[in-house]
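As structure tokens, the structure follows; a few thoughts come after it.
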Amino acid sequence: MKKSVAESDRKVAMVRGNNVQRIAIFGVYQNQQLFQEAANYTKELKRRGIKTVHFYVAFSSRKSKLSYDEKQQEICFAPADFNLIGKYKNEELTLALKNEYDLLFDLTEGMSLAADVVIAKTNAKWKSGRANADRSFLHDFMIDQPKEKGLKSLIHYLDQYLMKFNTSNAA
């Protein structure tokens, strides 16, 4: 993954919080409560008027992915959607790789290697998540907050800092 990130032609750029129009949210479908918190944040961003909000959902197995009722603007994947060297076998992921985002919110907290692979290859100007030394190469911005504070708290601070970051109030 580190090699993939290093070889990426992604351009990290400052993003004005009030000009954000394209967001990728990454969540894991392992814990129903954590998944629901990530899904709710995705819905909230859409209600705020963000033009494009894609919810990438990582599953632990193909079976759990197939049993899930996928919704519009969700990109679902499981480890079976990759070959041994991390290339996508899933057509939906191949198409998603072409998307460009202003912000990427990693709400997986390292619970999915498959999600880490997709995050590494996703083209976003600014990638963010919870601070973790082992995953720091994936993010441009990290919130140093213990997991015990919960996902809602992480979402609150990521939203607070990034959606209001570098805003212009010019009329």
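The values are calculated or read from the model by the stated rules, or taken from the named source; none is laboratory data. Everything numeric in this text was worked out from a predicted model, so none of it was measured. No Cβ is skipped: glycine too gets one built from the backbone with ideal geometry, and neighbour counts run over all protein chains shown.
Within the stretch 73-108, the set of residues being in contact with a helix residue (DSSP H, G or I) (Cβ under 7 Å, 6 or more places away or on another chain), acidic (Asp, Glu) and farther than 20 Å from residue 125 by Cα comprises 81 only. Which pairs turn up if I take residues in the stretch 36-58 that are surrounded by fewer than 20 Cβ atoms within 10 Å (Cβ to Cβ) and look for partners that are charged (D, E, K, R) with beta carbon separation below 6 Å, at least 6 apart in sequence or on another chain? Cβ pairs passing all conditions: 37/152; 52/22. Pairs meeting the criteria (first residue in the stretch 63-79 and touching a residue at least 40 places away in the same chain (Cβ under 8 Å) and farther than 16 Å from residue 96 by Cβ, second residue assigned to a strand (DSSP E or B) and charged (D, E, K, R), beta carbons under 7 Å, at least 6 apart or on different chains) are lacking. The condition (being at pLDDT 90 or above and out of contact with any helix residue (DSSP H, G or I) (no Cβ under 9 Å at 6 or more places or on another chain)) is satisfied by just one residue among 48, 62: 48. All of (1) assigned to a helix (DSSP H, G or I); (2) touching a helix residue (DSSP H, G or I) at 6+ places or on another chain (Cβ under 9 Å) hold for residue 39 with one exception: (2).
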